[in-house]
Amino acid sequence: PPIGLQLSRTARVVTNAFERAMAQAGGSASAWQVLVLVRAGQWGTQAEMAEAMGITGATLTHHLNALEDQGVVRRWREASNRRVQQVALTEAGEELFDRLRDVAVRHDERLRSTLSDREAEQLGRLLEKVRVGVGS
């Protein structure tokens with residue numbers, strides 16, 4: 001079968017398994033991505049966070065609103081620069097981050113369980129090569 005079809009099928013199976021595991025832990029893959037970026041603290045603006053996730057600013061705002069409503073993140077604007085909104089994890093957000101990190105680690109271990117270390121490295125290189133090739 002064409003490589004694109006194989007990638008698409010594999011991505012769907014892997015993504016669905018990850019989403020199920022995240023949901024059982026009280027989260028989602030998108031929430032996990034947001035929590036990782038917020039916790040890293042390296043993204044100065046929401047626009048930069050959205051770009052890092054590959055989503056629109058409006059979609060990120062939707063995710064942040066939901067996480068804020070759940071008490072997982074808090075947002076505020078600095079008095080010195082009202083245009084930039086800051087985002088941080090709350091205590092509940094730190095707890096959710098830890099729980100979802102455990103799920104993500106177990107998921108990655110499961111994905112790697114049928115591969116040798118060498119095969120996992122090779123797969124990573126090949127996927128990156130395909131991604132870059134398609135993106136250019």
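The values are calculated or read from the model by the stated rules, or taken from the named source; none is laboratory data. Everything numeric here is computed off the predicted structure, so don't read it as measured data. Cβ coordinates were reconstructed from backbone atoms using ideal geometry, including for glycine residues, and neighbour counts include every protein chain displayed. Each accessible area value is taken on the protein alone, full model and side chains, heavy atoms only, with ligands, DNA and RNA left out. Shrake-Rupley method; radii C 1.70, N 1.55, O 1.52, S 1.80 Å.
For segment 19-32, a residue qualifies if it is open to solvent by less than 70 Å² (accessible area, probe 1.4 Å), assigned to a helix (DSSP H, G or I) and over 19 Å from ILE55 (Cα atoms), and the qualifying residues are ALA21, MET22, ALA23. VAL38: under 26 Å from THR10 (Cβ atoms) and either in contact with a Phe, Trp or Tyr (Cβ under 7 Å, 6 or more places away or on another chain) or part of a helix (DSSP H, G or I) (or both), yes or no? Criteria not met by VAL38. Annotation: of all residues in segment 57-83 being assigned to a strand (DSSP E or B) and either touching a His at 6+ places or on another chain (Cβ under 9 Å) or not aromatic (Phe, Trp, Tyr) (or both), the one that is surrounded by the most Cβ atoms within 10 Å (Cβ to Cβ) is VAL73.
Return yes or no: is LEU60 more than 30 Å from PRO2 (Cβ to Cβ), in contact with a strand residue (DSSP E or B) (Cβ under 9 Å, 6 or more places away or on another chain), modelled with pLDDT under 95 and not small (Gly, Ala, Ser)? So LEU60 fails the test. Set side by side, the residues LEU111, LEU100 differ, and just one is open to solvent by less than 50 Å² (accessible area, probe 1.4 Å) and either within 26 Å of ALA21 (Cα to Cα) or under 20 Å from the mean Cα position of the chain (by Cα) (or both), which is LEU100. Consider segment 29-85. How many of its residues are hydrophobic (A, V, I, L, M, F, W, C) and more than 22 Å from ARG101 (Cα to Cα)? Of the residues in segment 29-85, 5 are hydrophobic (A, V, I, L, M, F, W, C) and more than 22 Å from ARG101 (Cα to Cα).
If I go through segment 59-81 residue by residue, how many of them are closer than 24 Å to GLU95 by Cβ and under 16 Å from the mean Cα position of the chain (by Cα)? Number satisfying all stated conditions: 9. Checked against (1) touching a residue at least 24 places away in the same chain (Cβ under 8 Å); (2) within 14 Å of the chain's Cα centre (by Cα), ALA40 passes all but a single condition, namely (1). The residues in segment 84-95 that are over 17 Å from GLU48 (Cβ atoms) and either touching a residue at least 60 places away in the same chain (Cβ under 8 Å) or loosely packed, with under 15 Cβ neighbours inside 10 Å (or both) can be counted, and the count is 4.
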